[in-house]
Every structure is written in structure tokens, then in C-alpha cells.
Amino acid sequence: MLGLIKNSLFGSVETWPWQVLSKGAKEDVSYEERTCEGGRFATVEVTDKPVDEGLREAMPKVMKYVGGTNDKGIGMGMTVPISFAVFPDDDGSLQKKLKVWFRIPNQFQSNPPVPTDDSIKIEERESITVYSLQFGGYAKEADYIAHATQLRTALEGTATCCSDVYFCTGYDPPMKPYGRRNEVWLVKA
């Protein structure tokens, strides 16, 4: 736990590598098309719970792993954004499942510490191309749904996105009250 606190206060923050391919706007919605680098990720899957409740369960597990609750007992530093996959129903509401994806910092990509919590898995993920819409505040499930809908509307007729999954991202620790950055990523089909 001490590693988690130290990491939160003094740890390094690394940005998940990506490249902006293009920028677009339609009405009041500005977005970017990006290619996000693949790599190894620590993942936690939660089912049978609404998104906000699932995040309250999954995020502490990921933070403990990052903070040193792993086989090497070392804090790795943060990589932002932390993303989580959500799975929309046909009506736009979200299914009661999510998967948190924390990109392992570059220093540990080749040999990530092994989680001591069995619910955390280390997975390899290929690079992905996404359409990203940024917004502020303390984001909740309803905010992600609303912004995903805005982005889908802005992209109509110009881009094709996966309809069965999208990513919600956060860049800031919970104790940051202002200037918060969140994004919705629709995966390019």
C-alpha cells in the first residue's frame, strides 16, 4: 500500500504512445483520429455490475498492482490514459461488464511484474486506430454514453466504427479537482 501512495504522489507518469493521423470537427464536436501503440497491458474484467460500480471494483486492483503489489514488489509509475472497454447494447446503454486496460510502462514492457491478484491478467494487445473525443469533469457512465453518441453522430457518413465495443479513458488521479481530461475512443472498423 505504501508503494501505491508513493507512486500516486511522487511516481512518474508516462503517456501511452500514439500518433494523431487527422483532426476533424462537425458542429460543436472536435475529434482526432489516432493510432495507439500496442503492447502489454494489465487488465481487470468485471461483469454483472453497472460501469461506475465495476470501475470502483477494478481500479483499486490496478492501482495496487502499479503501486507495487506484484511479484517484484516495485512501483512501476503510471501510464496515462487508463482505458476501459465498455460494451453498448443496441439502444446505446451499456451492458453490465467492462474491462480495464492499463498499459504497462515502457521500462517494464518486455518483462512486466507478475500480479499477485489473480483477477489481474497481463495481455498483449495490437495497436488500434480510434476516433477520440475529449471532455472534462469527473466522468460517469452517463457522460461516456453521451459523448460516445456525440462522436458517433459527428462521424456519420465519414467513418465506420465498431459498434460492439468502445473505450473510455481518464488521465487524472481522483484527487485532481479541476482541469480533468477524459476521452471516448470509438474503434475504427
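The values are calculated or read from the model by the stated rules, or taken from the named source; none is laboratory data. Only a predicted model underlies this, so the values are computations on that prediction, with no experimental measurement involved. Backbone-built Cβ (ideal geometry, glycine too); neighbour counts: all protein chains shown. Keep in mind that these areas ignore ligands, DNA and RNA; they rest on the heavy atoms of the full protein, side chains included. Shrake-Rupley method; radii C 1.70, N 1.55, O 1.52, S 1.80 Å.
Accessible surface computed residue by residue for segment 15-188, with neighbouring protein chains in place and a 1.4 Å probe, gives 49 Å² per residue. Shown for the chain: the carbon plus sulfur share of the solvent-accessible area, taken with all protein chains present and a 1.4 angstrom probe, equals 51%. Dipole magnitude for the chain: about 620 debye, using +1 per Lys or Arg Cβ and -1 per Asp or Glu Cβ, origin at the Cα centre. At R0 = 22 Å, how high is the FRET efficiency between Val20 and Ser127 if r is their beta carbon distance? Nearest 0.05 is fine. E(calc), rounded to 0.05, equals 0.95.
When the pairs Lys26/Lys140; Lys64/Lys176; Lys61/Lys97; Lys26/Lys188; Lys26/Lys121; Lys26/Lys99 are compared against a 27 Å limit on Cα-Cα distance, Lys26/Lys121; Lys26/Lys99 fall above it. If the chain linking Asp91 and Gln109 were pulled fully straight, counting 0.36 nm for each residue of separation and taking away their Cα-Cα distance, it would gain 2.7 nm. Using only alpha-carbon positions in segment 13-93, the gyration tensor eigenvalues give semi-axes of 28, 21, 10 Å once each is multiplied by 5 and square-rooted (largest first). Under 18 Å from a label point 7 Å along Cα→Cβ of Val29: give me every residue in segment 83-102 with its amide N that close. Within reach of a label on Val29, which here means backbone N under 18 Å from a point 7 Å along Cα→Cβ, segment 83-102 contributes 86-94.
Based on alpha-carbon centroids, what's the gap between segment 101-151 and segment 64-81 in Å, whole number please? That distance is 15 Å. So for the chain, taking the charge dipole from beta-carbon charges (+1 Lys/Arg, -1 Asp/Glu), which of Thr79, Ala139, Leu155 sits furthest toward the positive end? Selected residue: Thr79.
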